[in-house]
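For reference, the structure discussed in these notes is given below.
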Amino acid sequence: MADAQPDRVTMRLLVVEDDRDAADYLVKAFREVGHIADAATDGEDGLAMASDGQYDVLIIDRMLPKLDGLALIGNLRAKGNETPVLILSALGQVDDRVKGLRAGGDDYLPKPYSFSELLARVEVLSRRRGGRGEETVLRVGDLVLDRMSREVRRGEEEVSLQPREFRLLEYLMKHAGQVVTRTMLLENVWDYHFDPQTNVIDVHISRLRSKIDKGFSQPLLHTIRGAGYMIRDGAR
Amino acid sequence: MTALGKLFRTTTFKLTLVYLTVFALFAAFLLGYFALNTRRLITEQITDTVNAEITGLSEQYRLGGIRRLVIAVDARARRPGSSLYLVTTFNGEALAGNVTALPPGALDTQGWTEIVYRRLDEPENSGKPEHDALVRVFQLPGGFRLLVGRDLDERERLYHIVLSAGRWSVIIVVVLGLAGGLFVTRRVLRRVDAMTETTRTIMGGDLSGRLPVAGTGDELDRLAENLNMMLERIEALMVGLKEVSDNIAHDLKTPLTRLRNRAEQALRVAKTEPEYRAALEATIEESDGLIGTFNALLMIARAESGQARDDMTEFDAAEVAHDICELYEPLAEEKGIALKVEAGTAAPVRGNRELVSQAVANLVDNAIKYCEPPEGGSGERTPEIAVRAVSEGDRILISVADNGPGIPEADRVRVVERFVRLEQSRSQPGSGLGLSLAAAVARLHGGELTLADNEPGLKAVIALPRGGPVQSA
C-alpha cells in the first residue's frame with residue numbers, strides 16, 4: 001500500500017521552548033516538512049514574538065523561564081490574540097490537561113511526544129481557523145456525509161454506520177487531507193485521554209474502512225505509517 | 001556536667017521543681033501560721049491571767065487597804081512560778097513585789113506594756129540577761145500603783161521551737177523532694193534514652209528495630225507500643241516499595257536493554273537504508289512501550305497519592321461500561337470473543353470518570369488478552385466476556401467477568417501488585433500494570449478491586465462508594 005501524502009499548506013509556526021536542543025529539533029523538523037518555524041527560549045521573548053499575530057499556530061512549553069507558559073497564553077488572550085496554541089508539557093495527567101485548556105490553550109500534548117503526533121495536531125489546529133468545522137455537508141471524492149440528516153453516501157450507495165462510526169468518519173472528514181493520530185481520535189471521538197494498551201482504534205478504523213471503501217477501486221481512508229490515518233480523495 | 005544538665009532540662013525534673021516549690025511554700029505558710037497563732041493564744045492567756053490577778057488584788061485593796069494588798073502581793077510573789085508584782089506609792093517607792101530594774105517611766109503609763117525587768121532575787125550584775133514581760137499597770141485609789149505581769153520567755157521559747165521546726169521541715173521537704181525528683185527523672189530518662197538509642201539505629205537504616213516496652217502499661221509503654229505499630233507499618237511499606245522498585249528496575253531495564261541492543265546491532269550490521277529504517281522503527285516502537293509503562297506508573301502514583309480527587313464529578317457507571325464495551329467490541333469480535341454488556345439502569349456515582357473508564361478499559365483489555373482461544377485450537381467453548389454495572393446498597397459494582405483460564409486463588413492478591421505477571425502470561429504483551437492501576441483507582445475512590453473465581457474464568461469487580469471517597473478529616 002502506497003503511503004498517501006497529506007496536501008500541505010505552508011504554516012508559520014512559533015516554538016516557545018526553553019530547552020534549546022528540543023526547540024532546534026522542532027524548528028528543523030517543521031522546516032523539513034515545508035513550514036516556516038521560529039523559536040523563542042523564554043516566556044517573555046515568546047510573548048513579544050507572538051504578539052504581532054503573524055503566526056498560524058503557537059507551540060508553547062508549559063514551564064518556561066521568565067514567564068510561565070500558561071501566563072503567556074493568558075497574556076495573549078487578554079490582548080485579544082486568538083492564535084491557536086498547542087501546549088507541550090511534561091505534566092501529562094488529566095487535571096494538568098484541563099488546567100492548560102482552561103488557561104486558553106487549544107490542545108495539549110504531554111512529553112515525550114512523537115513529531116508526527118505534534119505535526120498532525122498543529123495542522124489540525126491551523127485548519128481549525130475558519131476551517132470546515134461549520135459546514136453541514138462534508139465531501140471527500142464521492143463520499144458525502146450530511147451532518148444534519150446523519151446520512152452517508154459513497155457514490156450512489158448509502159452507507160449505514162453506527163453512531164460512533166459516524167462520529168469517527170465525521171472527524172476524519174472534517175480534517176480531510178490531514179493526518180489524524182490514534183490519540184486524536186480517542187480524544188475527539190471517544191473523549192478518552194488515556195492510552196489503551198491494545199490498539200483498539202485500528203480495529204474501529206478497519207471496520208469503518210470495510211464500510212466505506214470495500215468494493216470501490218479508489219480507497220479514501222489511508223493509513224499513514226508511524227503516524228495515524230487520513231481520509232483523502234486519491235483520484236485528484 | 002552534660003549528664004546533669006540533661007537531667008535538669010527534663011520535663012520530669014522541671015515538674016518536680018515546680019511541685020517542690022509549691023509544696024515547700026505551702027508547708028512554710030502552714031507552720032508560720034501555726035507559730036503566729038500559738039503566740040497569739042499564749043498572749044491571750046497571759047492577759048487573762050493578769051486581768052484576773054489585778055481584779056483579785058484590787059479587791060484585797062478595797063477590803064483591807066494598802067496593808068492587806070502588800071501582804072497579799074508578798075504571799076503571791078513567793079509562790080514558785082509566780083507572776084510579776086510591784087506595788088508602789090504615788091512617787092514610785094516600791095512597797096512590795098518581786099521585780100526590779102524596770103525601765104524608767106514604766107509605771108507612768110497605765111494599761112498594757114511590754115517591758116524588760118529583773119527579779120528581785122537575782123543579783124544585779126549576774127550577767128544573766130533581763131527578761132521580757134507583758135505587764136499591766138493599774139492605778140489604785142489613793143495614789144498607789146499596782147503592776148502585774150507575766151514573763152514572756154515561755155511564749156518566745158515556744159514560738160522559736162515552732163519556727164525552727166518549720167525551717168527544718170521545709171529543708172527536709174526540699175531535700176527529699178529533690179532526691180525523689182532526681183530519682184524519678186533518672187528512671188524516666190533512662191527509658192527515654194533507651195528509646196532514643198533504638199530510634200537512632202532505626203534512623204540508621206535498620207527498620208527491624210523496635211522500641212523497648214517495659215510492660216508496665218504506663219504512658220511511656222503506650223507511646224512505645226504505638227510507635228512500634230507505626231514502625232511495623234513503615235517497614236511493611238518499605239519492603240513493598242523495595243519490591244516495586246526492583247520490579248520497576250527489571251521491567252524498565254529489560255526494554256531499555258533491548259532498545260540499546262537493537263540500535264547497536266543496526267550500527268554494526270545494517271548496510272542499506274531499509275535496514276536502518278526497520279531498526280529505527282523498531283526502536284521507536286520499543287520506546288513507545290517504555291513511555292506507556294512510565295505513564296501508567298505515574299498514573300498509579302498519582303491515583304495513590306490522592307491528587308486526582310479534585311477532579312471528581314457525578315457520572316453514570318453504566319454509561320462508562322457501555323462506552324468501554326463499545327470501544328473494545330470490534331477488537332473482541334476480531335478475536336472471536338463475545339463481549340456483552342449488562343448495564344441497564346443508570347448507576348450514578350461520584351468520581352473521576354476518566355480514571356474509572358481507564359480502570360474498566362484495563363480490565364476489559366486484560367480479559368480480552370487472556371480469554372483469547374488458543375491458536376488453531378477449536379476451543380470447546382466460545383470465549384465470553386460480560387461487563388456489568390449495578391447499584392448495590394450505597395455502592396456501585398462494575399464487574400468484568402470472562403471464562404478464560406482465570407487466576408489461581410493463591411495468586412489473586414499478588415497480581416494486583418505493580419509489574420506482577422504470572423509466568424504463563426509473560427509471553428503476552430502488556431506492562432503488567434493494568435490491574436495495579438485499576439486497584440489504585442478503586443482505592444482513590446474509597447473503594448476496592450476484588451478478583452474472584454467466575455467458574456471458569458476470572459471475575460474482577462471494582463466496587464465504588466456511590467458518594468465518592470469519604471473525606472478523611
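Could you tell me which of the residues B:E275, B:E281 is over 47 Å from the mean Cα position of the chain (by Cα), within 9 Å of chain A (Cβ to nearest Cβ) and part of a helix (DSSP H, G or I)?
B:E281
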How about the range A:19-129: which helices (runs of 4 or more DSSP H) wholly inside it have at least 2 residues that are more than 20 Å from A:V180 (Cβ to Cβ)?
-> A:20-32, A:43-51, A:69-78, A:94-102
Which of the residues spanning the range A:158-189 are within 10 Å of chain B (Cβ to nearest Cβ) and closer than 22 Å to B:I300 by Cβ?
-> A:L186
Look through A:R209, A:R232 and report the one residue that is over 22 Å from B:A321 (Cα atoms) and surrounded by 19 or more Cβ atoms within 10 Å (Cβ to Cβ).
-> A:R232
With (1) assigned by TED's automatic domain parsing to the domain that holds B:I284; (2) hydroxyl-bearing (S, T, Y); (3) outside any loop (DSSP other than H, G, I, E, B) as the list, and B:T201 as the residue in question, which single condition is left unmet?
-> (1)
Taking the range A:139-149 and keeping residues within 26 Å of B:D323 (Cα to Cα) and either surrounded by 12 or more Cβ atoms within 10 Å (Cβ to Cβ) or touching a Lys or Arg at 6+ places or on another chain (Cβ under 7 Å) (or both) leaves A:L145, A:D146, A:R147
Criterion (closer than 27 Å to B:S357 by Cα and not assigned by TED's automatic domain parsing to the domain that holds A:R182) met by exactly one of A:K111, A:K79 | A:K111
Which residue out of B:T313, B:T345, B:T272 is farther than 30 Å from B:G446 by Cβ and exposed (fewer than 15 other Cβ atoms within 10 Å of the Cβ)?
-> B:T272
Per the filter on the range B:35-90, residues of a type in the set (D, E, K, R), farther than 17 Å from B:G111 by Cβ and in a helix (DSSP H, G or I) are B:R39, B:R40, B:E59, B:R62, B:R67, B:R68, B:D74, B:R76, B:R78
Select from the range A:190-209 the residues that are more than 7 Å from chain B (Cβ to nearest Cβ) and in contact (Cβ under 8 Å) with a residue 12 or more places away in the chain and write down the one among them that is nearest to B:E319 (Cα to Cα).
-> A:I201
Given (1) crowded, with 18+ Cβ neighbours inside 10 Å; (2) without any contact (Cβ under 8 Å) to a residue 40 or more places away in the chain, A:P219 misses just (1)
Subset of the range B:84-106 [surrounded by 13 or more Cβ atoms within 10 Å (Cβ to Cβ) and not β-branched (V, I, T)] | B:L84, B:Y85, B:L86, B:G92, B:A94, B:L95, B:A96, B:G97, B:N98, B:A101, B:L102, B:A106
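Every residue, every condition in (1) surrounded by 17 or more Cβ atoms within 10 Å (Cβ to Cβ); (2) in a helix (DSSP H, G or I), yes or no:
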{"residue": "B:A179", "(1), (2)": "no, yes"}
{"residue": "B:V188", "(1), (2)": "no, yes"}
{"residue": "B:R210", "(1), (2)": "no, no"}
{"residue": "B:L220", "(1), (2)": "yes, yes"}
Subset of the range B:284-332 (residues that are free of Cβ contacts under 8 Å to residues at least 40 places away in the same chain, more than 8 Å from every other protein chain (Cβ to nearest Cβ) and closer than 15 Å to B:I368 by Cα) = B:E329
In this structure, does A:V152 turn out to be buried (at least 19 other Cβ atoms within 10 Å of the Cβ), in the same structural domain as A:K214 (by TED's automatic domain parsing), out of contact with any Lys or Arg (no Cβ under 8 Å at 6 or more places or on another chain) and farther than 30 Å from B:Q358 by Cβ?
-> yes
Residues being without any contact (Cβ under 8 Å) to a residue 24 or more places away in the chain and touching a strand residue (DSSP E or B) at 6+ places or on another chain (Cβ under 7 Å) - total across the range B:64-99 | 5
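Aliphatic (A, V, I, L, M) and within 14 Å of chain B (Cβ to nearest Cβ): which single residue out of A:L86, A:L119, A:L101, A:L72 fits that description? Give the derivation first.
Values: A:L86 fails: within 14 Å of chain B (Cβ to nearest Cβ); A:L119 fails: within 14 Å of chain B (Cβ to nearest Cβ); A:L72 fails: within 14 Å of chain B (Cβ to nearest Cβ).
When all the criteria are applied, what remains is A:L101.
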Filter result for the condition that a residue is under 10 Å from the mean Cα position of the chain (by Cα) and either in the same structural domain as A:L72 (by TED's automatic domain parsing) or modelled with pLDDT of 85 or more (or both), over A:R121, A:R102 | A:R121
Answer yes or no: is there a residue in the range B:344-365 that is closer than 18 Å to A:V203 by Cα, within 14 Å of chain A (Cβ to nearest Cβ), in contact with a strand residue (DSSP E or B) (Cβ under 6 Å, 6 or more places away or on another chain) and in contact (Cβ under 8 Å) with a residue 40 or more places away in the chain.
-> yes
Which one is farthest from A:V144 (Cα to Cα), of the residues in the range A:224-236 that are aliphatic (A, V, I, L, M) and in a loop (DSSP other than H, G, I, E, B)?
-> A:A227
In the set B:A347, B:A318, B:A361, the lone residue that is within 20 Å of B:N454 (Cβ to Cβ) and either at pLDDT 90 or above or small (G, A, S) (or both) is B:A361
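The values are calculated or read from the model by the stated rules, or taken from the named source; none is laboratory data. All values reported here derive from a predicted model rather than from experimental measurement. With ideal geometry, Cβ positions are generated from the backbone for all residues, glycine too; neighbour counts draw on all protein chains shown.
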